[in-house]
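Single-structure report; data block below.
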Amino acid sequence: MEQKEIRYKGSRISYLSRGEGQPVILVHGFGEDGTVWRSQLDALKDYHLIVPDLPGSGKSEMIGDMSLEAMADVLEALIRHELATIYFKEGDPGSVVMIGHSMGGYITLAFAEKYHHMLRGFGLFHSTAYADNEEKKQTRRKGIDFIRQHGGFEFLKSMVPNLYCDTTRAAMPQLLQEHLVAVSNFSGEALVNYYEAMIARPDRTAALKTWLPVFFMIGKKDTVVSPDDAIRQSHIPQSSYIHILERSAHMGMLEEPEETTRHLLKYLEYVVNAT
Ligand code: MLT
């Protein structure tokens, strides 16, 4: 596992890279960094894994434009950089499988809209192609006010417990502790930027009208992305791989890591054999 970085319009963008084979990029969500995928990494040893910290998260610096579309452009630059010298002829962007967690899924959809030709498959992990409704936008605006008044960490301290279901919190309290330690220095400005970007995002169900195989991981107890919405959208692609994690809320990759990994591997195997 190698920690690498690129400079994107002057900002440092950090990512992990490991292995050879079909490139797979795992994109984290809001108030997290690439380490949320830590329980999946070893099992994906037969793939070329790319795990970025999004601009403003983990070891990556913010960029001037923090819209979801601009973050998709960062991923495009990163993929080109990482893959160009390894597998592909100059100018050939190659084809990756991109899996995005929640906000990472919104970025994955923005990527699929603009860079469809670079994808071999993609996945929404506790994520949705539907835009925010008015109530959700209002909740985010209140969140922005709170962050501006009290700072990013105070906000995350109140938000992060809701990402895990009761059973997880009781059985694995260390997950919550680790999450809070990981975000203790999170930039309030980055969190505000993410919320503004999420408020502004359009409906992207059109990006699901694709012949590429799409992966949907749904948390039955998720209170951030409604399981009903997540299921509703999964019928749009021509070919969908759908799994519902029965004992997870919004953090299935940590709440049910083995189950998550097993289904990711099955989906990847399907993508590689089908396309
Ligand atoms: C995330 O986990 O990325 C966010 O909670 C997504 C959201 O708020 O819609």
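Select, from 64, 34, the only residue that is of a type in the set (Gly, Ala, Ser) and free of Cβ contacts under 8 Å to residues at least 40 places away in the same chain. Let's see the steps before the verdict.
Values: 64 fails: free of Cβ contacts under 8 Å to residues at least 40 places away in the same chain.
Just a single option satisfies the conditions, and that option is 34.
Taking residue 271 as the residue in question, decide whether it is buried (at least 21 other Cβ atoms within 10 Å of the Cβ), touching a residue at least 60 places away in the same chain (Cβ under 8 Å) and away from the ligand (no atom under 16 Å from the Cβ).
Details: buried (at least 21 other Cβ atoms within 10 Å of the Cβ): yes; touching a residue at least 60 places away in the same chain (Cβ under 8 Å): yes; away from the ligand (no atom under 16 Å from the Cβ): yes.
It is true that residue 271 is buried (at least 21 other Cβ atoms within 10 Å of the Cβ), touching a residue at least 60 places away in the same chain (Cβ under 8 Å) and away from the ligand (no atom under 16 Å from the Cβ).
Name the one entry in 146, 153 that is at pLDDT 95 or above, more than 13 Å from the ligand (Cβ to nearest atom), out of contact with any helix residue (DSSP H, G or I) (no Cβ under 7 Å at 6 or more places or on another chain) and part of a helix (DSSP H, G or I). Please lay out each step first, then the result.
Values: 146 fails: out of contact with any helix residue (DSSP H, G or I) (no Cβ under 7 Å at 6 or more places or on another chain).
Going through 146, 153 in turn, the sole match is 153.
In this structure, does residue 207 turn out to be within 16 Å of the ligand (Cβ to nearest atom) and not hydroxyl-bearing (Ser, Thr, Tyr)? Spell out how you get there, then give the answer.
Working: within 16 Å of the ligand (Cβ to nearest atom): no; not hydroxyl-bearing (Ser, Thr, Tyr): yes.
Criteria not met by residue 207.
Can you find, within segment 157-189, the residue that is surrounded by the fewest Cβ atoms within 10 Å (Cβ to Cβ) among those that are touching a Leu at 6+ places or on another chain (Cβ under 8 Å) and of a type in the set (Val, Ile, Thr)?
Step by step, filter segment 157-189, then rank; the result is 160.
Of everything in segment 245-261 that's hydrophobic (A, V, I, L, M, F, W, C) and either surrounded by fewer than 18 Cβ atoms within 10 Å (Cβ to Cβ) or part of a loop (DSSP other than H, G, I, E, B) (or both), which residue is nearest to the chain's Cα centre (by Cα)? Step through it out loud before you land on a result.
Within segment 245-261, the subset hydrophobic (A, V, I, L, M, F, W, C) is 245, 249, 251, 253-254.
The next check asks that each one be either surrounded by fewer than 18 Cβ atoms within 10 Å (Cβ to Cβ) or part of a loop (DSSP other than H, G, I, E, B) (or both); those that pass are 249, 251.
Working: 249: 15, 251: 11 Å.
This residue is 251.
Can you say whether residue 67 is crowded, with 20+ Cβ neighbours inside 10 Å, within 16 Å of the ligand (Cβ to nearest atom), of a type in the set (Ser, Thr, Tyr) and at pLDDT 95 or above, as far as the supplied structure shows? Give the derivation first.
Details: crowded, with 20+ Cβ neighbours inside 10 Å: no; within 16 Å of the ligand (Cβ to nearest atom): yes; of a type in the set (Ser, Thr, Tyr): yes; at pLDDT 95 or above: yes.
For residue 67, the condition - crowded, with 20+ Cβ neighbours inside 10 Å, within 16 Å of the ligand (Cβ to nearest atom), of a type in the set (Ser, Thr, Tyr) and at pLDDT 95 or above - is not met.
This table checks each residue for (1) among the β-branched types (Val, Ile, Thr); (2) within 19 Å of residue 102 (Cβ to Cβ).
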| residue | (1), (2) |
| --- | --- |
| 232 | no, yes |
| 235 | no, no |
| 240 | no, yes |
| 255 | no, yes |
| 260 | yes, yes |
| 268 | no, no |
| 271 | yes, no |
| 274 | no, no |
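Any idea which of 21, 58 is of a type outside the set (D, E, K, R), part of a loop (DSSP other than H, G, I, E, B) and closer than 20 Å to residue 184 by Cα?
Numbers: 21 fails: closer than 20 Å to residue 184 by Cα.
Result of the check over 21, 58: 58.
Given the residues 112, 170, which is the only one that is over 23 Å from residue 53 (Cβ atoms), part of a helix (DSSP H, G or I) and of a type in the set (Gly, Ala, Ser)?
Working: 112 fails: over 23 Å from residue 53 (Cβ atoms).
Within the list 112, 170, the selection yields 170.
Any residue at all in segment 84-93 that is surrounded by 15 or more Cβ atoms within 10 Å (Cβ to Cβ), among the hydrophobic types (A, V, I, L, M, F, W, C), more than 13 Å from the ligand (Cβ to nearest atom) and modelled with pLDDT of 95 or more?
No: segment 84-93 contains no residue that is surrounded by 15 or more Cβ atoms within 10 Å (Cβ to Cβ), among the hydrophobic types (A, V, I, L, M, F, W, C), more than 13 Å from the ligand (Cβ to nearest atom) and modelled with pLDDT of 95 or more.
The values are calculated or read from the model by the stated rules, or taken from the named source; none is laboratory data. No experiment lies behind these values; they were computed from the predicted model shown. Cβ coordinates were reconstructed from backbone atoms using ideal geometry, including for glycine residues, and neighbour counts include every protein chain displayed.
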